[in-house]
Number of protein chains: 2
Amino acid sequence: METVEQLRGKIRTGDWTQPTTGQASGYTQANLVILPKKYAYDFLLFCIRNPKTCPLIEVTDTGSPVPKKSAPTADLRTDLPKYRIYRNGELIEEVTDVTEYWQDDLVSFLIGCSFTFEKPLLENGIPIRYIEEGRNVSMYKTNIPCESAGVFQGPMVVSMRPMKPKDAIRAVQITSRFPSVHGAPVHIGDPAQIGITDMNKPDFGDPVTIEDGEVPVFWGCGVTPQATVMASKPEFVITHAPGHMFITDIKEEEHAVI
Amino acid sequence: METVEQLRGKIRTGDWTQPTTGQASGYTQANLVILPKKYAYDFLLFCIRNPKTCPLIEVTDTGSPVPKKSAPTADLRTDLPKYRIYRNGELIEEVTDVTEYWQDDLVSFLIGCSFTFEKPLLENGIPIRYIEEGRNVSMYKTNIPCESAGVFQGPMVVSMRPMKPKDAIRAVQITSRFPSVHGAPVHIGDPAQIGITDMNKPDFGDPVTIEDGEVPVFWGCGVTPQATVMASKPEFVITHAPGHMFITDIKEEEHAVI
């Protein structure tokens, strides 16, 4: 089997530019947000104050593209299959390498992703509808405010997975073991209680079928930090392109607290 | 029984200036570090990178003495029984109120404290030697380097509690539930493996008896962030005086992940 380093090598040379879903099974994938240092304190504080939506895996030293702890041989300028470049809140380009955009004042934030808890859900026999239906997970803006920090504020975005009640209970147990990748759900049941009016119209991703007798289960979603950053329109931001995540050297099970 | 707010009221008016050990049973007590904003990013990053020793409970908005999340009616300038004021790394004064030292650029960090996991240990029938012997917990500098962040670097400081092996196993289970207050031990057994040469000479606190058949169990210690800050000799720092902690509104059990 291909190692994580081999896969990152193929991504670095441009031989892999596809989404990373299903790749490097067992290894943690991460969302990426790169900001100039002047925004880094506020954003770090925002992540600390909102750990359910913005669970930090690593923050690099200013100017360094190397995630020393989670992948010391990697380079964040080249080792993601696709990036998005934003200026003043507007998407200006999608690229497969951000070396030419690099600045000495950039700080990179790697943020946990719910891929990490989906594998143990599946291993526990809990079906995941959007995977079964070959769609993207349903994501919704809620009326739950994030704790603000400096220039960063906004509503919590959640991902939703419909389940049988007994599976929902087991899913609470399983995901509670992984606080560093969103942890336990933030809500179960009535979508209206968290400000979601139409389950068929997610704000991000695709709608999925909710069968009779199933209950929607909502988790804090890694789209929240990106949506929050964009809303503040900083003059320069680099992120991963959706689905094109950074693959770390950290085994998913290493995130479990017990 | 006295409420937490009533106790903080007595502390605020100067009617309570003693250590908080054993007070407000069931409520989380916290270490306090107050730094000028120019150090706040490095220190926040240091805490994030060293969660076992520096578990963050809350970081206030710059200039605000109010911990909005953990005790919204409190004032960190008055609501601790005793503070220490440091300039350029030197202790210049111990006071019961820091209002006259307050500056608009100060950021307050509340950091978890092992008091929070000792109650569930005792409730599980695990004796805690230093409490039995009426001493302070034994704390040691180790040869385990903290992950550095900007100007902050230094070795991990650990607290040690000797236990029977079966109690040590149970203690791992219990403290794993509390990752936001140091979590699982960092070491069990041979002190030499983490650079401790003489168990009878702790670097902080008091030595305690280790009985035949007992194993020393080591946890990351909240003295680490303070020792690290002092080593970098910032021009101004306020901390709690040892044992004179901040009492939050958060129930200890609320820190448990499962």
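Descriptive notes on the structure:
- For B:V257, the requirement of being under 19 Å from B:L80 (Cβ atoms), within 14 Å of chain A (Cβ to nearest Cβ), surrounded by 15 or more Cβ atoms within 10 Å (Cβ to Cβ) and in contact with a Gly (Cβ under 8 Å, 6 or more places away or on another chain) is not met.
- Taking the criterion of being over 16 Å from the mean Cα position of the chain (by Cα), facing chain A (nearest Cβ under 8 Å) and surrounded by fewer than 20 Cβ atoms within 10 Å (Cβ to Cβ), the only residue of segment B:38-57 that qualifies is B:R49.
- Count of segment A:193-243 residues which are aliphatic (A, V, I, L, M) and over 30 Å from A:R77 (Cβ atoms): 7
- When B:S176, B:S180, B:S148 are screened for being crowded, with 16+ Cβ neighbours inside 10 Å and within 30 Å of B:Q18 (Cα to Cα), only B:S180 passes.
- Failed condition for B:C146, given (1) closer than 30 Å to A:P72 by Cβ; (2) modelled with pLDDT under 95; (3) within 14 Å of another protein chain (Cβ to nearest Cβ): (2)
- Taken over segment B:58-113, the criterion of being surrounded by 21 or more Cβ atoms within 10 Å (Cβ to Cβ), within 14 Å of another protein chain (Cβ to nearest Cβ) and among the small types (G, A, S) is satisfied by B:S108, B:G112.
- Criterion: exposed (fewer than 14 other Cβ atoms within 10 Å of the Cβ) and away from chain B (no Cβ under 12 Å) - qualifying residue of A:T3, A:T20: A:T3
- Residue in segment A:206-224 that is among the small types (G, A, S), out of contact with any helix residue (DSSP H, G or I) (no Cβ under 9 Å at 6 or more places or on another chain) and within 14 Å of chain B (Cβ to nearest Cβ) present: no
- Test result for B:K119, of a type outside the set (V, I, T), touching a residue at least 12 places away in the same chain (Cβ under 8 Å) and away from chain A (no Cβ under 14 Å): yes
- Filtered residues of segment B:122-138 (kept if more than 13 Å from the chain's Cα centre (by Cα) and surrounded by 20 or more Cβ atoms within 10 Å (Cβ to Cβ)): B:Y130, B:S138
- Residue match in segment B:242-249 (condition: more than 14 Å from chain A (Cβ to nearest Cβ), over 19 Å from the mean Cα position of the chain (by Cα) and not aromatic (F, W, Y)): no
- Selection of segment B:128-145 for residues being part of a strand (DSSP E or B) and in contact with an Asp or Glu (Cβ under 8 Å, 6 or more places away or on another chain) yields B:S138, B:M139, B:Y140, B:K141.
- Taking the listed residues B:K10, B:K52, B:K69, the one that is touching a residue at least 60 places away in the same chain (Cβ under 8 Å) and outside the structural domain of B:P145 (by TED's automatic domain parsing) is B:K52, with no other qualifying.
- Test: residue in segment B:195-205 that is without any contact (Cβ under 8 Å) to a residue 60 or more places away in the chain, among the aliphatic types (A, V, I, L, M) and over 30 Å from A:R177 (Cα atoms): yes
- Search result, residues across segment A:194-205 that are among the small types (G, A, S) and surrounded by fewer than 16 Cβ atoms within 10 Å (Cβ to Cβ): A:G195
- Test: residue in segment A:28-36 that is more than 25 Å from B:S180 (Cα to Cα) and within 13 Å of chain B (Cβ to nearest Cβ): yes
- Qualifying position, being surrounded by 19 or more Cβ atoms within 10 Å (Cβ to Cβ), at pLDDT 90 or above, assigned by TED's automatic domain parsing to the domain that holds A:I85 and more than 13 Å from the chain's Cα centre (by Cα), among A:V217, A:V208, A:V237: A:V237
- Top-ranked residue in segment A:175-205 [being of a type in the set (S, T, N, Q) and within 25 Å of A:Y27 (Cα to Cα); ranked as nearest to the other protein chains (Cβ to nearest Cβ)]: A:S176
- Any chance A:F152 is closer than 22 Å to A:T224 by Cβ, in the same structural domain as A:P185 (by TED's automatic domain parsing) and in contact (Cβ under 8 Å) with a residue 40 or more places away in the chain: yes
The values are calculated or read from the model by the stated rules, or taken from the named source; none is laboratory data. All values reported here derive from a predicted model rather than from experimental measurement. Cβ atoms come from the backbone with ideal geometry, glycine included; neighbour counts cover every protein chain shown.
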